Amino acid sequence: MKQTIIILFLFFSKFIYSQELIKIKIVDSEDGKPISKARIILLKDVLYSNDEGYVLVPSTANNFEITAYNYKTKSLKKINNLIELTPVYKNIDEVIISNIDIKKLFSEVLKNYKKKYYNETSVYDITYKQKNIDDDELSFLLISKGKMWTMSNMYNYKSAYNRKYDDFIQLELSDVKYFKNSISENEICKGQSLNQSRDFIGNLFFNYELNRVNDYFKIENAKYSGKIISQSGDEQNIIFKIDSPTIIVSGNLIYDKKEKVILRYQLDYDQTNYPSYKRKSKDGLEYDFKVGNGTIYFDFYRKDNKYIPSIAGTKGFSYCTINNQKHKNSFSRELIFNKFSESKFLELTNKVDLNKRIWSNLKTSINKDDTTILLSESEKEFINEKEYEK
């Protein structure tokens, strides 16, 4: 009888909890296509739509704004199941374009970084998502809730060089929602993008990205341009490009000309000109590796006169050739900063070892089927696939 009561209570609690969240879809008002990474900032939480435009929002949410790249901000008093966002422009050829010194802009944002962006010790409630696609098939997926601690919200080059990541960043993935890895340790041309690197940590910090872009300007024979394509109040929508013999980057950013801060940022990098090079597997088998192209993105919002991150993400691909067979390895890694809080303590309780692959040292149970996480159709299929013998 006691066991029955407990089961009924758990079921009832889950039912009540599910009623507190409403699934909404955010789409383009012109063509009805879903808008991914549309941001909703509530009183205490930051939410983003998934790849199919869906997001779960508390039923009590009211008086909030929805923002997305190249769309007009929309204010809502209450939740609607379908929300349409209007593009800033229909065709870029129709907009009035004016030039801007993009090199100077990046230099000034980096120079004033500590004055504008929050740079004290803090802790975030986060959603961490990482996945890998090998030869067009999903092969790895990790989605977890947790915490991120950071000493100053900035990448520390000295500590990173000595691989002392814990000095300035710690991750705690305490509530793993989904985790599946179909990549065997013996497979050479799968999971290439999952290898540990300093960029893996650096891409979580915007000062790291700003330093990297400023270095692109210094490449010999680099050419660059920047153009304002639209403006709303003090916010300028800017596109830019840096063309060099080794790498070509182009991007789009939202810049507050009064505050002199970048609010939203997306950069696409083209590494076609990089040659392939030889690598060896653990067993000494030689293969060709070639870096590919990718994207890096960040969002920020204002809080108490400082700018706080709301998302940091990267995605891209590389090539691996072995026995005259070419394989494509795609990856994506995204961290949503759901909730921000100031902090004085210096260590998370169950931090993961950032000198290892994150999933190899998770300190929690896994595969919790959770209705608070929205999977895409391809992710659902991958999670529900039966394991097979390799």
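Numbers below:
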read-out: Residue selected from segment 367-379 under the condition at pLDDT 60 or above, open to solvent by less than 80 Å² (accessible area, probe 1.4 Å) and out of contact with any Asp or Glu (no Cβ under 7 Å at 6 or more places or on another chain), by the criterion farthest from Met148 (Cα to Cα); value: Ser378
read-out: Residue that is open to solvent by 80 Å² or more (accessible area, probe 1.4 Å) and at pLDDT 90 or above, where the choices are Leu43, Leu82, Leu47; value: Leu82
read-out: Qualifying residue in segment 237-253 (condition: aromatic (Phe, Trp, Tyr) and open to solvent by 20 Å² or more (accessible area, probe 1.4 Å)); value: no
read-out: Selected residue (criterion: farthest from the chain's Cα centre (by Cα)) from residues of segment 307-342 that are surrounded by fewer than 16 Cβ atoms within 10 Å (Cβ to Cβ) and closer than 22 Å to Ser122 by Cα; value: Glu342
read-out: Count of segment 150-161 residues which are surrounded by fewer than 22 Cβ atoms within 10 Å (Cβ to Cβ), among the polar types (S, T, N, Q) and in a loop (DSSP other than H, G, I, E, B); value: 2
read-out: In segment 1-40, residue nearest to Thr314 (Cα to Cα) [restricted to those that are of a type in the set (S, T, N, Q) and modelled with pLDDT under 90]; value: Ser18
read-out: Test: residue in segment 181-203 that is of a type outside the set (A, V, I, L, M, F, W, C), more than 27 Å from Arg264 (Cα to Cα) and in contact with a Lys or Arg (Cβ under 7 Å, 6 or more places away or on another chain); value: yes
read-out: Pairs with Cβ under 7 Å, 6+ apart, first in segment 214-230 and under 14 Å from Lys241 (Cα atoms), second polar (S, T, N, Q) and in a helix (DSSP H, G or I); value: Asn214/Ser107
read-out: Residue under evaluation Lys147, criteria (1) assigned to a helix (DSSP H, G or I); (2) open to solvent by 60 Å² or more (accessible area, probe 1.4 Å); (3) closer than 30 Å to Lys351 by Cβ, criterion not met; value: (1)
read-out: Residue within segment 58-79 that is surrounded by 15 or more Cβ atoms within 10 Å (Cβ to Cβ), within 28 Å of Leu210 (Cβ to Cβ) and among the β-branched types (Val, Ile, Thr) present; value: yes
read-out: Index of the failed condition, Asp175 passing every other in (1) open to solvent by 20 Å² or more (accessible area, probe 1.4 Å); (2) charged (D, E, K, R); (3) out of contact with any Ser or Thr (no Cβ under 7 Å at 6 or more places or on another chain); value: (3)
read-out: Complete set of residues in segment 298-353 that are of a type in the set (Gly, Ala, Ser) and under 30 Å from Lys190 (Cα atoms); value: Ala312, Gly313, Gly316, Ser318, Ser330, Ser332
read-out: Complete set of residues in segment 162-192 that are in a helix (DSSP H, G or I) and either farther than 21 Å from Ala312 by Cβ or among the charged types (D, E, K, R) (or both); value: Asp166, Asp167, Gln192
read-out: Qualifying residue in segment 201-220 (condition: modelled with pLDDT under 90 and not β-branched (Val, Ile, Thr)); value: no
read-out: Failed criterion for Ser225 (all others in (1) over 20 Å from Ile100 (Cβ atoms); (2) touching a strand residue (DSSP E or B) at 6+ places or on another chain (Cβ under 6 Å); (3) at pLDDT 95 or above hold); value: (1)
read-out: Residues satisfying the stated conditions in segment 198-213, i.e. part of a helix (DSSP H, G or I) and more than 10 Å from Ile242 (Cα to Cα); value: Arg198, Asp199, Phe200, Ile201, Gly202, Phe206, Asn207, Tyr208, Glu209, Leu210, Asn211, Arg212
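The values are calculated or read from the model by the stated rules, or taken from the named source; none is laboratory data. If you're wondering where the values come from, they're calculated on a predicted model, not measured in any experiment. Quick reminder, even Gly has a Cβ in these numbers, built from the backbone with ideal geometry, and neighbours come from all protein chains shown. When the accessible area is computed, the model is the full protein with side chains, heavy atoms only, and any ligands, DNA or RNA have been set aside. Shrake-Rupley method; radii C 1.70, N 1.55, O 1.52, S 1.80 Å.
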